[in-house]
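Scroll down for the structure; my scribbles are underneath it.
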Amino acid sequence: MNLDFGVLITTFGMVLLMEMGDKTQLLVMACASKFKTRHVFAGISISIIILNLLAVSLGAVIGGIKVIQDVVKASASLLFIIFGLLSLRKEEEEEATCSTGTSAGAIITVALAFFLAEIGDKTQLSTFSFSALYPERPLSVFLGSTTALLIADCIGLAAGAVALKYIPTRIMALISSFLFILFGLVSEWSALRSNFGMDETQAKIIVGITAIIALLAAAVILIFQKKHMKDSCNTAE
């Protein structure tokens, strides 16, 4: 279990390069517009540690069970879309929720979203590969991969927090919603093509139907939200 800095630096460099600009880094930016910075950091930290422990300790065993990856990919696509629709909630409701002791819920939500986005991703698969290549250096692989993911995703977290200072909250909520739904559709496309073996036409049809349903749901949420605001204004008068 001694540290091998050569293995640590190699793992760190490869994982960092793979994670920069990856969908999970963008996902962290989206989460930063919806949750407090400390909650997002705690959520991604927990998820990264769990993911890398799985990658290093179980490695090829988990990676070889295809049905697990299929279910996870399908679940992730739906979860992202649901998160996107929830991002359209009225800001006042979100602020009230954040102020009534739901930090644990926010952390769990971020951790779960990050976990589903990252599991089976190229960065986790690279950690699988390094742990298999250096079975006698699991601690070095774990520390290298974990540090790289934390640095890359903290960059995304900082970018999201800075953007929130200069962009109105409502606009950030809409951007966040769009990104979550987009991640869901991309994840669905990937799962249908890679995990369920559908051809391009079949995948396009299903993803298109999902996109239409998501857009209709978003429109309904926005309409009801607007109506609620009008009702509130009339009541106040």
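Of the residues making up segment 21-28, at least one is under 16 Å from A148 (Cβ atoms), assigned to a helix (DSSP H, G or I), among the β-branched types (V, I, T) and within 18 Å of the chain's Cα centre (by Cα).
All of (1) more than 16 Å from I82 (Cα to Cα); (2) free of Cβ contacts under 8 Å to residues at least 12 places away in the same chain; (3) surrounded by fewer than 16 Cβ atoms within 10 Å (Cβ to Cβ); (4) not charged (D, E, K, R) hold for A163 with one exception: (2).
Scanning segment 168-202 for residues being more than 13 Å from S77 (Cβ to Cβ) and either in contact with a Gly (Cβ under 8 Å, 6 or more places away or on another chain) or in contact (Cβ under 8 Å) with a residue 60 or more places away in the chain (or both) gives a total of 10. With respect to the conditions (1) in contact with a helix residue (DSSP H, G or I) (Cβ under 8 Å, 6 or more places away or on another chain); (2) modelled with pLDDT under 85; (3) not in a loop (DSSP other than H, G, I, E, B), V71 lacks only one, and its number is (1).
Considering L222, L216, the condition of being hydrophobic (A, V, I, L, M, F, W, C) and free of Cβ contacts under 8 Å to residues at least 60 places away in the same chain is satisfied by L216 alone.
The values are calculated or read from the model by the stated rules, or taken from the named source; none is laboratory data. Just so it is clear, the model here is predicted, and its values are computed rather than measured. A quick note on method: Cβ atoms are made from the backbone with ideal geometry, for glycine too, and the neighbour counts reach across all protein chains shown.
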